[in-house]
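Remarks on the structure that follows.
The values are calculated or read from the model by the stated rules, or taken from the named source; none is laboratory data. Note that the structure is a prediction, hence the values are computed from the model and not measured. Virtual Cβ from ideal backbone geometry, glycine too; neighbours counted across all protein chains shown. For the accessible areas, the whole protein counts, side chains as well, though only heavy atoms, and no ligand, DNA or RNA atoms are used. Shrake-Rupley method; radii C 1.70, N 1.55, O 1.52, S 1.80 Å.
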Amino acid sequence: MTPTRRSLVAATLATPAILKFGLGSAYAATTLKLSHQFPGGTIDEGDFRDRMCRKFAKTVAERSKGALEVQVYPGSSLMKTNAQFGAMRKGALDMSLYPSPYAGGEVPEMNIGLMPALVTSYAQAVAWKNAPVGRKLTEILDSKGIILVSWVWQAGGVASRERPLVSPADAKGMKVRGGSREMDMMMKEAGAATLSIPSNESYAAMQTGACDAVITSSTSLISFRLEELSKALTSGRERSYWFMLEPIMMSKIVFSGLPKDQQDLIMTVGAELEAFGQAGAKEDDTRVEEIFSKAGAKVVQVDETSLGAWRDIARNTAWKDYAAKNANCAELLKLAEQVA
């Protein structure tokens with residue numbers, strides 16, 4: 001992107017990347033803003049998603065020798081959670097670590113990233129990136145103005161105010177936060193009422209009684225301190241019907257305005273950090289059990305029978321509804337089912 005074009009974008013959009021032009025070169029330094037909804041910490045302590053963003057920022061700055069800087073804004077401090085995806089598409093936000101189904105209202109294909117009982121293991125999840133389903137999803141996002149920088153998957157569990165939510169029979173009469181339209185469809189079919197809120201609003205919903213059970217990633221169960229309000233935890237450590245794609249994304253408008261060496265650097269660092277992200281997610285699957293157990297909650301696992309029952313419901317409700325949305329959704333679901 002030329003300086004003139006860049007100035008126009010900066011003048012018309014809320015929070016674009018900032019270019020500082022020096023006399024000796026066409027681009028002396030570029031500062032990118034990376035936003036996410038999760039609690040902030042340090043590069044060594046706290047929510048691993050925030051740490052991952054900080055590691056990304058540190059590595060990019062070091063390898064570019066300061067030519068490319070990344071400022072991390074945790075806790076939706078830069079803009080509200082649900083606004084981040086649309087802002088990236090417009091070039092008004094540079095980057096975000098963003099839960100894929102939150103983007104489903106704008107790009108329905110993104111709900112494949114939290115399709116109930118479709119992904120049930122980390123091995124299956126990680127295989128997506130280089131499989132046809134991953135290539136197709138990357139292609140779709142690119143056409144919508146989003147670059148996938150770093151793939152991160154997280155298993156999820158259930159924090160309950162009273163009784164554990166393990167099998168479909170347990171859901172009847174409960175008010176449940178599922179995390180996506182498709183997850184809600186499965187829960188409703190099982191007899192639950194559903195609540196559509198970002199995970200950072202879960203504590204308040206449980207505290208007021210608006211929600212009986214929250215299904216979210218192990219990391220969010222920890223970071224949002226849901227053990228303080230829960231009598232039961234259904235862990236996602238052994239198996240889960242809730243696996244979410246929560247990648248670092250970037251505005252294609254902003255990405256395209258960077259020189260090729262900086263584009264390559266961003267993609268290289270993003271790929272390198274995927275192992276850190278998956279290790280952090282798995283560690284939290286164990287740590288959440290310890291935290292909830294210490295707080296007095298009953299910790300239970302999902303067995304194969306319950307997982308199969310959820311998959312049967314999901315296939316007849318959420319999967320069928322998703323595939324009927326458009327040709328891309330139908331193709332993505334078909335490709336995803338091929339990844340064992």
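Considering the range 158-199, the residues that are open to solvent by less than 10 Å² (accessible area, probe 1.4 Å) and in a helix (DSSP H, G or I) include one that is nearest to Val299 (Cα to Cα), namely Ala171.
Is it the case that Val149 is part of a strand (DSSP E or B) and either under 22 Å from Ala297 (Cβ atoms) or open to solvent by 10 Å² or more (accessible area, probe 1.4 Å) (or both)? Spell out the reasoning first.
Values: part of a strand (DSSP E or B): yes; either under 22 Å from Ala297 (Cβ atoms) or open to solvent by 10 Å² or more (accessible area, probe 1.4 Å) (or both): no.
It is false that Val149 is part of a strand (DSSP E or B) and either under 22 Å from Ala297 (Cβ atoms) or open to solvent by 10 Å² or more (accessible area, probe 1.4 Å) (or both).
Which one of these is part of a helix (DSSP H, G or I), open to solvent by less than 30 Å² (accessible area, probe 1.4 Å) and over 23 Å from Lys282 (Cα atoms): Ala87, Ala92? Outline the logic, then answer.
Values: Ala92 fails: part of a helix (DSSP H, G or I).
Within the list Ala87, Ala92, the selection yields Ala87.
Listed by first and then second residue, the pairs linking a residue in the range 257-279 that is closer than 19 Å to Gly145 by Cβ to a residue that is open to solvent by 40 Å² or more (accessible area, probe 1.4 Å) and modelled with pLDDT of 95 or more, with Cβ atoms under 9 Å apart and 6 or more places separating them unless they lie on different chains, are Gln263/Ser256. When Lys129 is tested against (1) over 20 Å from Trp319 (Cα atoms); (2) part of a helix (DSSP H, G or I); (3) not hydroxyl-bearing (Ser, Thr, Tyr), just one condition goes unmet, and that condition is (2). Return the residue satisfying two criteria in turn: it lies in the range 187-242 and is among the basic types (Lys, Arg) and in contact with a helix residue (DSSP H, G or I) (Cβ under 7 Å, 6 or more places away or on another chain), and of such residues it is nearest to Glu45 (Cα to Cα). Looking at the filtered set, the residue picked out is Arg225.
Restricted to the range 280-292, and to residues there that are open to solvent by 20 Å² or more (accessible area, probe 1.4 Å) and touching a residue at least 60 places away in the same chain (Cβ under 8 Å), the residue that is farthest from the chain's Cα centre (by Cα) is Ile291. When Met244 is tested against (1) open to solvent by 30 Å² or more (accessible area, probe 1.4 Å); (2) closer than 18 Å to Tyr122 by Cβ; (3) not small (Gly, Ala, Ser), exactly one condition is not met: (1).
Scanning the range 74-83 for residues that are open to solvent by 40 Å² or more (accessible area, probe 1.4 Å) and in contact with a helix residue (DSSP H, G or I) (Cβ under 9 Å, 6 or more places away or on another chain), which turns out nearest to Leu93 (Cα to Cα)? Top of the filtered list is Leu78.
For the range 96-106, what are the residues that are part of a loop (DSSP other than H, G, I, E, B) and within 15 Å of Met250 (Cβ to Cβ)? Please lay out each step first, then the result.
Residues of the range 96-106 part of a loop (DSSP other than H, G, I, E, B): 98-99, 104-106.
Once the filter is applied, which keeps residues that are part of a loop (DSSP other than H, G, I, E, B) and within 15 Å of Met250 (Cβ to Cβ), the range 96-106 yields only Tyr98.
With respect to Thr268, is the statement that it is open to solvent by 30 Å² or more (accessible area, probe 1.4 Å), under 20 Å from Thr30 (Cβ atoms) and modelled with pLDDT of 95 or more true? Criteria met by Thr268. Reported count of residues in the range 125-141, each being open to solvent by less than 60 Å² (accessible area, probe 1.4 Å), touching a residue at least 60 places away in the same chain (Cβ under 8 Å) and in contact with a strand residue (DSSP E or B) (Cβ under 8 Å, 6 or more places away or on another chain), is 4. As for the range 206-213, it holds at least one residue that is assigned to a helix (DSSP H, G or I) and either at pLDDT below 95 or open to solvent by 50 Å² or more (accessible area, probe 1.4 Å) (or both).
Hey, any hits in the range 99-107 for a residue that's β-branched (Val, Ile, Thr) and either surrounded by 21 or more Cβ atoms within 10 Å (Cβ to Cβ) or within 22 Å of Thr268 (Cα to Cα) (or both)? Checking the range 99-107: not a single residue is β-branched (Val, Ile, Thr) and either surrounded by 21 or more Cβ atoms within 10 Å (Cβ to Cβ) or within 22 Å of Thr268 (Cα to Cα) (or both).
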